[in-house]
Amino acid sequence: MAEDRSAGRPATVESTLHLIERARAGDQEALDRLFARHFPPLRRWAAGRLPRWARDVADTDDLVQETLLRTFKRIGVFEPRGVGALQAYLRQCVLNAIREQLRRKGRQPDATDLDGLEADSNLSPLEQAIGGEAIDRYERALARLKDVEREAIIGRVEMGYTYEELAEALGKPTPDAARKAAQRALVRLVEEMDRDG
């Protein structure tokens, strides 16, 4: 377990809400911990959202990193409105940055290399998991779920959170509690998708 250098005792896992409070008070260590906590899953999520022709590991890392840095500079104006609020906010910021990058890449094709400009037939990880035609049903069903159910599914399925990461994001006491919450949310999602199907 990591040690709190200032006190010489084991560091506790702080909730995201507590880290936000510290960061808003100007605590740089809290900002660093928020960044370290959210960067890996957002990077995985963003890589699955970019088409192959626009995807480059360095570009994806840079895009997510720049978006997080820009967003955390404005942490003082962020108002958490419940469990998973920061995760949802950051995901939306990264999605907006992805859309902007796709618009930019669309306006500036690489004139020297035409390979890879054909339509990308590779599906995103989510599309591979549930099938391309089911995406609309998935999105509609997801919108009808409770916030905590939606965050559990997005965290686990789309962002690839471990159950430990999911427990922290959802404010659950243990990874097992997060696993059970994710399972219940998936059952609800399937029920909602069946209503559409």
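The values are calculated or read from the model by the stated rules, or taken from the named source; none is laboratory data. Quantities reported herein were computed from a predicted structural model and do not represent experimental measurements. All Cβ positions, glycine included, derive from the backbone under ideal geometry; neighbour counts span all protein chains shown.
Between R140, R150, R81, R104, which is at pLDDT 80 or above and surrounded by fewer than 15 Cβ atoms within 10 Å (Cβ to Cβ)?
Result: R140 is the single residue among R140, R150, R81, R104 that is at pLDDT 80 or above and surrounded by fewer than 15 Cβ atoms within 10 Å (Cβ to Cβ).
Can you work out which of the residues in segment 48-74 that are of a type outside the set (D, E, K, R) and modelled with pLDDT under 85 is farthest from H38 (Cα to Cα)?
First, pick out the residues of segment 48-74 that are of a type outside the set (D, E, K, R): 48, 50-51, 53-54, 57-58, 60, 63-65, 67-69, 71-72.
Retained after the next criterion (residues that are modelled with pLDDT under 85): 48, 50-51, 53-54, 57-58, 60.
Numbers: G48: 16, L50: 18, P51: 22, W53: 25, A54: 22, V57: 17, A58: 17, T60: 14 Å.
Residue satisfying both the conditions and the ranking: W53.
Would you tally the residues in segment 66-92 being of a type in the set (D, E, K, R) and under 20 Å from W45 (Cβ atoms)? Please lay out each step first, then the result.
From segment 66-92, those of a type in the set (D, E, K, R) are 66, 70, 73-74, 79, 81, 91; that's our starting set.
In the following step, the residues that additionally are under 20 Å from W45 (Cβ atoms) were identified as 66, 70, 91.
Selection size over segment 66-92: 3.
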